[in-house]
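The values are calculated or read from the model by the stated rules, or taken from the named source; none is laboratory data. Nothing here was measured: the structure is a model prediction, and the numbers come from that model. Here the Cβ is made from the backbone with ideal geometry for all residues, glycine too, and neighbour counts use every protein chain on show. Just so you know, the surface numbers come from the protein's heavy atoms only, side chains and all, with ligands and any DNA or RNA stripped out. Shrake-Rupley method; radii C 1.70, N 1.55, O 1.52, S 1.80 Å.
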Amino acid sequence: MILTFKIKHNRDFSEELKKAFEVAEFTVANKIRRNNSALVKDIRGILPSAIATQVMRKYGNQKTIKQVHNVNLVIAGYYIKFFEETNSIWIPCLKLHLENTINRTFTKINQIELDKEFAYVSCTVAEQPDMIPQCFIGVDRNTTGHVAVTANPDTGKIEKFGKSALHIHRKYSAIRKRLQREGKFRELKRVKDRESRIVKDLNHKISRKIVDMAQVQHAALVFEDLGGIRQTRKQHRSFKYALHSWSFYQLQQFVEYKAKLLGVPVLYVDPAYTSQDCSMCGVRGQRKGKDFKCPVCGHVDHADVNAAFNIALRQKGMVDCIQKEMDTMGALMPHWSSDLE
Ligand SMILES: [Zn+2]
């Protein structure tokens with residue numbers, strides 16, 4: 001798996017970045033497909049030829065590009081040295097040291113890009129083989145209340161994550177509506193970007209907690225398979241749902257890659273009726289807002305918690321079924337062999 005780490009470089013590369021921009025512009029304007037820095041020797045100035053070559057490669061390969069914006073310094077992996085003992089990176093052509101920066105084991109640095117503030121280190125990270133889970137944690141994602149509620153039927157443990165999301169959403173939606181009305185579109189874009197940064201940050205934190213929790217409990221994570229996300233049972237509040245769907249998807253993506261790095265299995269089950277069925281007796285119950293009540297066994301629960309239990313139980317049910325079949329076959333085995341003798 002390839003991951004990118006962002007590290008502050010604390011250096012002024014404005015002159016190099018300016019030259020890289022000129023090289024990119026020149027490459028695009030003259031439709032240069034050969035990445036040969038000799039072609040730009042008169043314009044690259046202090047920009048190292050190794051970087052000029054990579055910039056030419058990057059922009060020369062984009063055949064449809066008409067104009068360049070925000071050109072980064074691009075350094076190929078073979079021009080980068082990594083020192084394991086000190087966990088530091090050395091880029092000789094820029095005489096740049098990046099210290100104690102990467103908190104993960106990786107097999108290879110593929111490339112580094114630099115802008116005026118950060119170094120973006122792209123590296124190949126080894127994936128852990130999936131562990132064999134001892135239990136299942138159901139994860140219910142929500143448009144109202146907490147972003148995610150988790151439940152482990154084996155331990156009865158329930159956790160709730162991301163209470164602030166709705167608050168963030170309400171606050172920003174009011175601001176967005178006002179700016180839209182006033183026709184302040186530049187400001188509107190800025191506010192939208194800020195909101196997505198905050199949500200992204202929140203999703204990173206929630207996914208970290210969920211995956212770490214699963215690892216500690218030796219559990220697999222079970223999600224509803226929302227597939228196209230748009231065609232689901234939860235769609236009746238479709239407008240609100242659309243607003244949240246990208247955030248749902250983002251949380252799922254973050255969980256997936258963090259889980260992969262730790263070998264935590266992530267599984268998906270059919271989402272039908274997970275919020276209406278009773279997690280205790282399995283009959284269809286009633287859900288009113290955040291309250292769930294079972295008409296048969298009388299079980300009363302928070303609706304999201306009930307749903308999270310159902311999601312885990314659905315997966316557990318499938319595994320138990322397979323296990324039972326295997327046990328039956330195992331029990332039959334000696335019988336068969338004695339028959340054969
Ligand atoms: Zn019940």
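How big is the Kirkwood radius of the range 68-144, worked out from every pair of different alpha carbons and given in Å to one decimal? Mind dumping the intermediate values first?
Working: mean 1/r = 0.0648 Å⁻¹.
Every distinct Cα pair counted, the radius reaches 15.4 Å.
Per the 1.4 Å probe, what fraction of the accessible area of the chain, in percent, lies on carbon and sulfur atoms?
For the chain, the apolar C and S fraction of the accessible surface comes to 53 percent.
Of His97, His299, which has the most accessible area with a 1.4 Å probe, and how do the rest follow in descending order?
Values: His97 90, His299 30 Å².
Result, largest first: His97, His299.
So, with +1 on the Cβ of K and R and -1 on the Cβ of D and E, and no other charges, what is the size of the charge dipole of the chain about its Cα centre, to the nearest 20 debye?
Here the size comes out at about 2420 debye.
Provide the gained length on full extension for the span Ile2 to Lys200, in nm with one decimal, where the gain is 0.36 nm per separating residue minus the Cα-Cα distance.
Full-extension gain reported as 69.4 nm.
For the chain, compute Rg over Rh where Rg is the Cα radius of gyration and Rh is the Kirkwood radius from the inverse mean 1/r over Cα pairs.
Ratio of gyration radius to Kirkwood radius: 1.10.
In Å², and per residue, what accessible area does the chain have when probed at 1.4 Å with the other protein chains present?
58
Multiply the residue separation of Phe83 and Tyr257 by 0.36 nm, subtract the distance between their alpha-carbon atoms, and state the gained length in nm to one decimal.
Computed gain between Phe83 and Tyr257 is 60.1 nm.
For the range 101-163, what's the relative contact order in percent, using C-alpha pairs closer than 8 Å and at least 6 residues apart?
20
What FRET efficiency do you get for Lys290 and Met326 if R0 is 51 Å and r is their Cβ-Cβ distance, rounded to the nearest 0.05?
Here the calculated transfer efficiency is 0.80.
Relative contact order of the chain: what whole-number percent is it, with Cα pairs under 8 angstrom and at least 6 residues apart?
15 percent.
Treat the range 113-196 as a sphere of radius equal to its Kirkwood radius over Cα pairs and apply Stokes-Einstein at 37 °C in a medium of 0.692 mPa s; give the translational diffusion coefficient in µm²/s, rounded to a whole number.
Answer from the Stokes-Einstein relation: 190 µm²/s.
Describe numerically, in nm with one decimal, the distance between label points set 7 Å from Cα along Cα→Cβ at Glu117 and at Glu15.
Label-label distance for Glu117 and Glu15, simple model: 2.4 nm.
Using a 1.4 Å probe, how large is the accessible area of Leu267, given in Å² and rounded to the nearest 10?
Per-residue accessible area (Leu267): approximately 50 Å².
One-quarter of the Cα convex hull surface for the range 1-100, in nm²?
So the Cα hull casts an average projection of 7.3 nm².
If I model a spin label as a point 7 Å beyond the Cα along the Cα-Cβ vector, how far apart are those points for Arg170 and Thr124 in nm?
The two pseudo-label positions are separated by 4.9 nm.
Would you mind getting me the FRET efficiency between Glu187 and Lys209? Use the beta-carbon distance for r and R0 = 30 Å, nearest 0.05.
Using R0 = 30 Å, I get an efficiency of 0.35.
What ranking of Met280, Met56 comes out by heavy-atom accessible area, probe 1.4 Å, highest first?
Highest to lowest solvent-accessible surface, that is Met280, Met56.
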